[in-house]
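The block underneath contains the structure these notes are about, expressed in structure tokens.
Read-outs throughout are calculated quantities, based only on the coordinates presented, and are distinct from any laboratory measurement. Nothing here was measured: the structure is a model prediction, and the numbers come from that model. Positions of Cβ are generated from backbone atoms using ideal geometry, with glycine treated the same way; all protein chains shown enter the neighbour counts.
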Amino acid sequence: MKIVTPDLCDAYPEVRVVEPIFKNYGGRPEFGGEVVTVKCFEDNSVVKEQVALPGHGKVMVVDGGGSRRSALLGDMLAEKAAQSGWEGIIIYGCIRDVDEIGNTDLGVQALATHPRKTDKRGIGDLNVPVCFGGVTFTPGQFVYADNNGIILSDGPLEIPDA
């Protein structure tokens with residue numbers, strides 16, 4: 001079924017709407033699933049670990065502190081995430097290799113692009129509450145995204161028929 005966030009907002013007025021600061025870069029224009037969080041700053045080591053794990057029905061929500069000095073996701077990690085079954089990745093930070101990511105079967109939303117990769121220092125937290133875009137993402141919640149925006153729900157939503 002097609003995810004349309006305006007329809008979900010109409011059907012579920014209790015959802016929280018993330019501030020409109022993200023751009024849609026992935027090969028999947030809409031995606032949704034259970035939230036898995038990563039908190040990291042200019043080090044995508046934990047992101048790299050997570051994309052290799054099964055992600056069916058899950059969306060990785062990455063709090064990169066809003067940094068615009070390096071990219072937390074590139075084409076190789078995006079491809080690995082798609083192969084591992086992740087529905088999508090939302091990054092409060094930057095990505096790179098946008099042309100390749102746009103051809104990858106993965107939903108990807110981020111603030112911007114940056115050509116520089118991050119350092120790998122093994123620093124980052126997994127499955128902790130993260131706050132950005134006016135909402136707090138908690139592991140186990142559900143997030144839905146499309147070209148209209150990103151919404152957050154405490155539980156799974158039934159997708160209305162289009």
| task | Normalising by the residue count of the stretch 90-160, find the relative contact order in percent from Cα pairs under 8 Å and 6+ residues apart. | result | 20
| message | Net charge around P139, counting only other residues with Cβ within less than 14 Å of its Cβ (Lys, Arg = +1; Asp, Glu = -1)? | response | -2
| note | Which of (1) 43, 30, 27; (2) 43, 33, 27; (3) 73, 34, 33 gives Cα extents along the principal axes in Å as computed here? It is (1)
| said: If I take every Cα pair under 8 Å that is 6 or more residues apart in the stretch 42-162, average their sequence separation and divide by the length, what percent do I get for the relative contact order? | reply: 25
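From the helices alone, meaning DSSP H stretches of at least four residues, give me the mean residue ellipticity at 222 nm for the chain, per-run term -39500 (n - 2.57), in deg cm²/dmol to the nearest 500.
Calculated from helices alone, the mean residue ellipticity at 222 nm is -4000 deg cm²/dmol.
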| note | At the level of C-alpha centres, the distance separating the stretch 91-127 and the stretch 135-151, in angstrom, is 17
| request: Return the aspartates and glutamates within reach of K2: Cα separation strictly under 18 angstrom, same-chain partners fewer than 8 residues apart disregarded; answer none if there are no such residues. | output: D10, E30, E34, E87, D105, D146, E158, D161
| message | For the pair K117/K2, report the inter-label distance in nm, with labels modelled 7 Å from Cα in the Cβ direction. | response | 3.8
